[in-house]
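*Asks:* Shown below is the structure under consideration.
What follows is calculated from the coordinates using simple rules that are stated; it is not laboratory data. Quick caveat: nothing in here was measured; it's all calculated off a predicted structure. Cβ sites come from the backbone with ideal geometry, for glycine too, and all protein chains shown count toward neighbours.
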Amino acid sequence: MSEDNFGRRDFLKSAVIGGAAAATASLPAQVAAQSNAAAPAAGYIFLTPEEAAFVETLVDHMIPADRHTPKGTDLGVNTYIDRALAGGWGKGDRLYMQGPWAPGVPEQGYQLPLIPADLYRNGIAATNRHCVKTYGKPFDQVGETQREELLKNLDGGKVVFEGGLSSRVFFGIVYQTVMEGMFADPIYGGNKDKAGWKMVGFTGVIQVNQQNNVKYKNKKFPGEPLGIADVS
Amino acid sequence: MTTKLKEVDVLLVGLGWTGGILAKELTEAGHQVVALERGAMRSTENDFAVPRIRDDLRYASRNDLMQNPAKDTLTIRNNPSQLALPMRRLGSFLPGEGVGGAGVHWNGVTWRWTDNELKVRSLYEERYGKNYIPADMTIQDWGVTYAELEPYYEKFERTAAVSGKAGNLRGVIQKGGNPFEGPRANEYALPPLESSHASDLFNVAATNLGHHPFPCPTANASRAYTNPDGSKFGACQYCGFCERFGCEANAKGSPHITVIPIAMKNPNFELRTHAWVTKVLKDSTGKRVTGVTYTNVLNGEEFEQPARLVVLCAYAINNVHLMLLSGIGKPYDPIAQTGVIGKNYCYQTGASATLFFEGNYFNPFMGTGGLNARTDDFHSNWNFDRSKFGYVGGATLGAGMTNGRPIAYRPVPAGTPRWGKAWKDATAKWYNSAMNINASGSVMANRYNYYDLDPTYRNAFGLPLMRMTFDYKENEHKMGRHIAGVINEIAKSMNPTSLNPASARSGSWSVVPYQSTHNTGGTIMGTNPGNSAVNKFCQSWDCHNLFIMGASVFPHNSAYNPTGPVGALAYRAADTLKNVYLKNPAPLVSA
């Protein structure tokens, strides 16, 4: 294991010093067989138990297990979302947050006085209140058909939350983070074993295609994808 | 408490492509140059090394190399009667920050804008009559011609390792190139990139329908290259992490691997990073600038840096903002139609179709910034009769592969569910079997598209944000309808398994989805101080020792990407400064 690690580091160092990606062509095949080096620790940083139940149910519904991938929680999409909300992005680190606040028109983009973490938190609470009112149970306890109906209504902007939060803006961030959790580099906690990348055939972070572009034109490109942790 | 520093010969605001070109050229001519860059230092070794740079989430979704709107942004509205609201997160366009600027994370597409653009008003009036141009379309001749820019286009192309195929060498049309380009003295620096499967299919279909496709000219080095200054490039690896990323192979024409390191070695040059310029200062006559004030963003300390010559080299939007904050030149008023600063803000438009071909492998991850076949039949082709469609300008069309990064790139046929098993099936099935045909369209200047200072919102320095008022006008809608039709005609002729057709844009411009970082205008060039902020040498009409670089000097926007003329105008300004202005500082064009 440690030898492998040294090997990868040496390779990277030479690729950087060489300054040309041609060095990456010599990537040893066994590196490709390595799985994620660092699986994130279990448990949640940001999500409360109620929120975690919501998110786990949501990602397993949107990403069911099938011949392509395991289900959303087995891909770590829930973990990805928790880490994203706990981190700088969730705290609004690149968001202009000065008032005054006005709803504006959709063409003017995001105008809520909420950082993403607070939007998520309040959106989950509002969705659960809506579910209890409509179906008698919170989101994680309603049946699959009702879950599907609710998500479609959220996606279509047909749900009106009590308290004034926009259900459409909430679902926008939900959808974005589920997709990120499935397709971002596994180093962020989702896309476990690069299953999202394998599902579509994305080749990951090492791409040296000057010859491949000709050799594999209109042909299937072989090989397993590599993530950041595989070559760090 | 502002610390006043010692006067310098030349002060550059921003160190991207234009600042880098001027820093190299002017220090080599013996001038003392200081560059103030509001962002950090950047190098391939430290910032763009694999695997760290190949992080789709960090760089493409979270815009890590871009300006941070929490510190400074714009307010946005579609028309003057709306309340402008802040662009709270980046979306439609992505201005760069840091040494190298957008030159590190652009795609590399490099065009030579022709006299169709540079003489736009005279040519359209001559061919179609004065009444053809709508009354509110404030287009104007630039005051500079293709013939004047030609040697500087070439200089920039050679510096930036532009790969392509000439279509017009000294007036003789060349097979395989763009037959509608302006005459070139010489071939491109490098031969074109290897074509992708998507481009191959497009080439056949477009040719069969009478169009003239050619490989897109682009600063992605098709092979290892040493430029005339001795800067070394690796060959492009078609890695699919080009736009929004720095290039780990040094294969993308970027200032941080070319002009900037050369300037940095010159003892006449000094770079101060984290130096955020807040104002350009004028003397009591208002006819000369005396320097700038800036804030060291590492500790908040304020400085005055006096200079004999100031050149604005920031991103196009920031150059205009600085002019408005500094009170140089008269702000544009769309109602009275007086003033020039902020006038003629332009953007770009487009349309695209997605084609699905069962059993084909497009390998979208084997892409690069300019890996594209394009046609210019409805843009630089002056023989194309616009009067049938009633618009000014045009669009280039093309197909290629820039990337297959799956957070954003997952094409599926229209009507596919957005999650669940059917979504997964379609996503898995079509990811590698889809391609796009897209159009990039011009935007003509309009009286009501402009910048001014926002009355309400402020940035991290307590200064007013700039307000952008912009929407597409009927001219662009007419072009969109025509071009979407052309795209769909080509697409249908290719007989795809499934087609998401192109549709013409009909609604207002939105700040939300990414569209293009080709923002132009605001400090436009022209023939006299009544219609422009700068003359044909990019020299301020108001203060002759102030020059403005970049696309803010474009009086309108073409379908082409802006970097070709941005680079050419910078090299031309460098020559003018070295050979004329700095020997005898005075207005270069009499007002």
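*Asks:* Rounded to the nearest 0.05, what FRET efficiency is calculated for A:Phe221 and B:Asn495 with R0 set to 25 Å and r the Cβ-Cβ distance?
*Replies:* It comes to 0.50.
*Asks:* OK, next. Grab region B:381-508 and count how many Lys pairs have their alpha-carbon atoms under 22 Å apart, sequence gap of 8 or more, or different chains.
*Replies:* Eligible lysine pairs with Cα atoms under 22 Å apart amount to 5.
*Asks:* For region B:77-228, what are Rg and Dmax over the alpha carbons, in angstrom?
*Replies:* Rg then Dmax for region B:77-228, in Å: 19.3, 53.
*Asks:* On to the next question. Using the Cα gyration tensor of region B:163-214, with a ≥ b ≥ c the square roots of its eigenvalues, what is the shape: rounded (a/c below 1.5), prolate (a/b larger than b/c) or oblate (neither)?
*Replies:* In terms of gyration-tensor shape, oblate.
*Asks:* Here is a follow-up. Between B:Ala135 and B:Lys583, what is the FRET efficiency for a Förster distance of 60 Å, r being their Cβ-Cβ separation, to the nearest 0.05? Don't skip to the end; give the middle numbers.
*Replies:* Numbers: r = 44 Å, r/R0 = 0.73.
Taking R0 as 60 Å, the efficiency between B:Ala135 and B:Lys583 is 0.85.
*Asks:* If the label point is 7 Å along Cα→Cβ of A:Asp74, which residues in region A:152-191 have backbone nitrogen under 14 Å from it?
*Replies:* Counting backbone N atoms under 14 Å from the label point, the list is A:191.
*Asks:* Need one number for chain B: average projected area of the convex hull over its C-alpha atoms, nm².
*Replies:* With the hull built on Cα positions only, its mean projection is 25.6 nm².
*Asks:* How many angstrom separate the Cα center of region A:205-232 from the Cα center of region A:138-200?
*Replies:* 30
*Asks:* Using only the alpha-carbon atoms, how far is helix B:146-159 inclined from the longest principal axis of chain B? Give it as 0 to 90 degrees, nearest 10.
*Replies:* Relative to chain B, helix B:146-159 is tipped by roughly 80 degrees.
*Asks:* Among the listed pairs B:Lys6/B:Lys232; A:Lys152/A:Lys192; B:Lys6/B:Lys265; B:Lys232/B:Lys282; B:Lys119/B:Lys175; B:Lys330/B:Lys578, give every one whose C-alpha distance is greater than 31 Å.
*Replies:* Pairs exceeding the cut-off: B:Lys6/B:Lys232; B:Lys232/B:Lys282.
*Asks:* Relative to the first principal axis of the alpha-carbon coordinates of chain B, what is the inclination of helix B:563-579, with its axis defined by its Cα atoms, in degrees from 0 to 90 and to the nearest 10?
*Replies:* Once rounded, the angle reads 30 degrees.
*Asks:* Also, quick follow-up: Run the quick spin-label model on B:Arg223 and A:Gln176: label points 7 Å from Cα toward the beta carbon, then report their separation in nm to one decimal.
*Replies:* 4.5
*Asks:* Give me the one-decimal Kirkwood hydrodynamic radius in Å for region A:100-158, with the sum taken over alpha-carbon pairs.
*Replies:* 13.1
*Asks:* So, one more: By count of other Cβ within 10 Å, fewest leading, how are B:Glu25, B:Glu97, A:Glu148 ordered? Each step should come with its number before you reach the end.
*Replies:* Numbers: B:Glu25 21, B:Glu97 24, A:Glu148 16.
The fewest-first ordering by Cβ neighbours comes to A:Glu148, B:Glu25, B:Glu97.
*Asks:* Quick one: Kirkwood hydrodynamic radius for region B:1-144, alpha-carbon pairs, angstrom, one decimal?
*Replies:* After inverting the mean inverse Cα-Cα distance, the result is 19.6 Å.
*Asks:* Here's a follow-up. Any idea how far apart B:Ala460 and B:Met1 come out in nm if each label point goes 7 Å out from Cα toward Cβ?
*Replies:* 2.3
*Asks:* Over all distinct alpha-carbon pairs, what is the Kirkwood Rh of region B:354-416 in angstrom?
*Replies:* Details: mean 1/r = 0.0691 Å⁻¹.
Final number for the Kirkwood radius of region B:354-416 is 14.5 Å.
*Asks:* For region B:129-219, take every pair of Cα atoms, bin their distances at 5 Å starting from 0, and report each bin as a whole percent.
*Replies:* 3, 12, 17, 18, 14, 13, 12, 9, 2, 0
*Asks:* Using a Förster distance of 25 angstrom, determine the FRET efficiency expected from the C-beta separation of B:Asp575 and B:Lys175, and round it to 0.05.
*Replies:* Plugging the Cβ-Cβ distance into 1/(1 + (r/R0)^6) gives 0.15.
*Asks:* Continuing with the same structure: Counting other beta carbons within 10 Å of each Cβ, put B:Cys543, B:Cys239 in order, fewest first. It would help to have the intermediate numbers written out before the result.
*Replies:* Numbers: B:Cys543 22, B:Cys239 28.
In increasing order of surrounding Cβ atoms, one gets B:Cys543, B:Cys239.
*Asks:* Can I ask one more? Using helices alone, what [θ] at 222 nm do you get for chain B, with -39,500 (n - 2.57) per DSSP H run of 4 or more residues, divided over all residues and rounded to the nearest 500? Display every interim value, and only then the final one.
*Replies:* On the way: 11 runs with 121 residues, N = 591.
Theoretical 222 nm ellipticity from helices: -6000 deg cm²/dmol.
*Asks:* Just the number, please: percent antiparallel of the DSSP beta bridges in the protein assembly as shown, rounded to the nearest 5.
*Replies:* Expressed as a percentage, antiparallel bridges in the protein assembly as shown total about 65.
*Asks:* Moving to a separate point now. Enumerate the aspartates and glutamates that B:Lys287 could reach by cross-link, defined here as Cα to Cα under 16 Å, with residues fewer than 8 away along the same chain left out.
*Replies:* Candidates past the 8-residue exclusion: B:Asp542.
*Asks:* Based on the alpha-carbon set only, what is the convex hull volume of region A:49-193 divided per residue, in Å³? Spell out each step's value before the answer.
*Replies:* On the way: hull volume 17.4 nm³, N = 145.
Per-residue hull volume (Cα only) is 120 Å³.
*Asks:* Could you check the simple spin-label distance between A:Glu148 and A:Ala102, using points 7 Å along Cα→Cβ, in nm with one decimal?
*Replies:* 4.3
*Asks:* Enter the mean number of other protein chain beta carbons within 10 Å of the beta carbon of each residue in B:422-430, as an integer.
*Replies:* 4
*Asks:* Residue by residue through B:508-521, how many Cβ atoms from other chains fall within 10 Å of the Cβ on average?
*Replies:* Partner Cβ neighbours, averaged per residue: 2.
*Asks:* Which whole-angstrom value gives the distance between the alpha carbon centres of region B:414-465 and region B:37-96?
*Replies:* 14
*Asks:* Still on this structure, I have one more. For every other residue with a beta carbon closer than 12 angstrom to the beta carbon of B:Asn220, add +1 if it is Lys or Arg and -1 if Asp or Glu, then tell me the sum.
*Replies:* 0
*Asks:* For region B:436-514, what is the convex hull (Cα atoms) projected area averaged across all directions, in square nanometres? Walk me through the numbers on the way to the answer.
*Replies:* Values: hull surface 29.2 nm².
Convex hull of Cα atoms, orientation-averaged projection: 7.3 nm².
*Asks:* Any idea what the alpha-carbon Rg over 2.2 N^0.38 Å comes to for the protein assembly as shown?
*Replies:* Normalised Cα radius of gyration, the protein assembly as shown: 0.94.
*Asks:* Shielding of B:82-94 by partners, i.e. mean partner chain Cβ atoms within 10 Å per residue?
*Replies:* On the way: counts 4, 5, 3, 11, 13, 4, 12, 7, 4, 2, 2, 0, 0.
Rounded to a whole number, the mean comes out at 5.
*Asks:* Distances longer than 13 Å among the Cα atoms of region B:551-591: what percent of all pairs is that?
*Replies:* Tail fraction, whole percent: 62.
*Asks:* Another one. Return the loop-located trypsin sites (Lys or Arg not before Pro) in region B:1-108 (DSSP other than H, G, I, E, B) with at most 11 other Cβ atoms within 10 Å of their own Cβ; answer none if there are none.
*Replies:* Filter output for region B:1-108: B:Lys6.
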